[in-house]
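Participant: Got a structure for you, written out below as structure tokens; questions coming shortly.
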Amino acid sequence: MKKLGFSLLIIAAMTMAVSAFACGADKAKAAVAEQALCGKCGQVKGSDSCCKADAEKCGACGLVKGSPGCCKMPKAG
């Protein structure tokens, strides 16, 4: 019985560790994605569509409508 309790404790600890790691990886991906977006237009920094003067702006967030940074774009997650 003592071995079973110890095994369950180990399984619970491993599950928590894997969960924490997965959560951290998702946050890291989100941080990289945010850094790759232009803060002025919401497009990918350095792309052909970045900071185009004639691009239509979103009324809610002010970024280019439909850009990855626009508030109307569905977020991965």
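The values are calculated or read from the model by the stated rules, or taken from the named source; none is laboratory data. What you are looking at is a predicted structure, and each value in this text was computed from that prediction instead of being measured. In this analysis, Cβ positions are derived from the backbone assuming ideal geometry, glycine residues included, and neighbour counts consider all displayed protein chains.
Participant: Could you say whether any residue in region 32-45 is modelled with pLDDT under 65 and more than 19 Å from the chain's Cα centre (by Cα)?
Facilitator: Initial filter on region 32-45 (modelled with pLDDT under 65): 32-34.
Subsequent filtering for residues that are more than 19 Å from the chain's Cα centre (by Cα) retains none.
Among the residues of region 32-45, not one is modelled with pLDDT under 65 and more than 19 Å from the chain's Cα centre (by Cα), which makes the answer no.
Participant: Given the structure, is Gly62 modelled with pLDDT of 90 or more, surrounded by 15 or more Cβ atoms within 10 Å (Cβ to Cβ) and part of a loop (DSSP other than H, G, I, E, B)?
Facilitator: no
Participant: Return only the number of the condition from (1) at pLDDT 90 or above; (2) hydroxyl-bearing (Ser, Thr, Tyr); (3) surrounded by fewer than 13 Cβ atoms within 10 Å (Cβ to Cβ) that Ser19 does not satisfy.
Facilitator: Every listed condition holds for Ser19 apart from (1).
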